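Here the structure comes first, spelled out in C-alpha cells, and everything after it is commentary.
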Amino acid sequence: GPKVLQIPSHQIIDMGQMVTLNCDPVSNHLYFYWYKQILGQQMEFLVNFYNGKVMEKSKLFKDQFSVERPDGSYFTLKIQPTALEDSAVYFCASSLDPGSGNTLYFGEGSRLIVV
Amino acid sequence: QQQVRQSPQSLTVWEGETAILNCSYEDSTFDYFPWYWQFPRESPALLIAIRPVSNKKEDGRFTIFFNKREKKLSLHITDSQPGDSATYFCAASRDMGYKLTFGTGTSLLVDP
C-alpha cells in the first residue's frame, strides 16, 4: 500500500540544538500531519498542513516548532531549540481530503531523544 | 484530561476466540471513530472506522459496536489469529479526521 517515509528513524540530540524531522508523504496526498507519542502514552496531534499553510495546531505545538513543505519536497518538522520534554516518537501522516472519507497514512515514526 | 480511553491495556486470547477491545470517549461532538492497528516496528494503519449514523460496522472478522448514548464503542475480533497480535488504537475526530484524538492503545496477543 501507500508508504510514508520518515527520516531519520531515530536521533539523539543535545538539549538546545536544532533538529529537523523529515517526512516523504504519499505522492498525490495534499494534507500532512505530525503526531507526537511519548513512551507509554497515546499519540497526540501536533499540527496539520494543507496548501502551504498550517490549518490547525495543538497546545503541544510550541513556538519552538515549525513545519514547512518547500516546493513539494519533504514535509518537515523543525524544533529549535530542543528541550528535554521534546523526547518522543514523532509520527508523520498524509492523506487526500479526510473530509471526503480518505484515510490517513502514517509513517513508522522518528524517535527523538534529547539529552 | 484523556478524551479517549481504552481498556484493557493488554489482552491475551487463544487462537479462534473472540477478542473484545473497549473504547470510551467524552466529547459528544466526535463524529468519526477509526481504529488503527500497529505491528511492532511498523506504522499505524487504519483497520476499520465508524460514524455515529451507524451502531455497527463489520469488515470480515472485525466488527465495531457503537453506543452513542453511553459514548462507548468496542472492537470485536472473531476467530482471532496469531497474525492479529498487535496494538490497537481507538481514535476519535470531530472533523472527519483532520485532527485525531487517540486512546492509549490495547496490546493484543493471540496465542496459537
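The values are calculated or read from the model by the stated rules, or taken from the named source; none is laboratory data. These numbers were taken from a predicted model, which means no experiment stands behind them. As a convention, Cβ positions derive from the backbone with ideal geometry for all residues, glycine included, and neighbour counts pool all protein chains shown. When the accessible area is computed, the model is the full protein with side chains, heavy atoms only, and any ligands, DNA or RNA have been set aside. Shrake-Rupley method; radii C 1.70, N 1.55, O 1.52, S 1.80 Å.
Residue by residue, region B:88-104 carries 3J(HN,Hα) couplings of 10, 10, 8, 9, 9, 8, 9, 9, 6, x, 5, 9, 9, 10, 9, x, 7 Hz when phi is fed to the Karplus relation 6.51 cos²θ - 1.76 cosθ + 1.60 (θ = phi - 60°); x denotes Gly or Pro. When the listed pairs A:Lys3/A:Lys57; A:Lys36/A:Lys78; A:Lys36/B:Lys99; A:Lys53/A:Lys78 are checked against a 21 Å cut-off, the alpha-carbon distance exceeds it for A:Lys3/A:Lys57.
Taking every residue in A:96-109 and counting other chain Cβ atoms within 10 Å of its Cβ, the average works out to 5. Kirkwood analysis of chain B, using all unique Cα-Cα pairs, places the hydrodynamic radius at 13.9 Å. Label-to-label distance, A:Ser27 versus B:Met96, with points set 7 angstrom from Cα along the beta-carbon direction: 2.6 nm. The trypsin sites (Lys or Arg not before Pro) of region B:1-101 that meet both conditions, a loop assignment by DSSP and at most 13 other Cβ atoms within 10 Å of the site Cβ, are B:Arg41, B:Lys68, B:Arg69. To make sure I understand the rule: partners must be aspartates and glutamates, Cα under 12 Å from the Cα of B:Lys71, and not fewer than 8 residues away in the same chain. Which ones qualify? By straight Cα distance, B:Lys71 reaches B:Glu26, B:Asp27, B:Asp31.
Once fully extended, how much extra length lies between A:Leu96 and A:Val54, figured as 0.36 nm per residue of separation less the alpha-carbon to alpha-carbon distance?
Difference between extended and current length: 13.6 nm.
Could you tally the net charge around B:Ala19, taking each other residue with its Cβ under 12 Å from the Cβ of B:Ala19, Lys/Arg +1 and Asp/Glu -1? Once positives and negatives cancel, what remains is -4. Once the 1.4 Å probe is applied to the protein heavy atoms, the protein assembly as shown comes out at 50 Å² accessible per residue. Our coupling estimate for region A:105-115, obtained by passing each phi through the Karplus curve with A = 6.51, B = -1.76, C = 1.60 and θ = phi - 60°, is 10, 9, x, 8, x, 10, 8, 10, 10, 9, 10 Hz, Gly and Pro reported as x.
The residues neighbouring B:Ile50, those whose beta-carbon lies less than 11 Å from its own, together hold a net charge of +1 under the Lys/Arg +1, Asp/Glu -1 convention.
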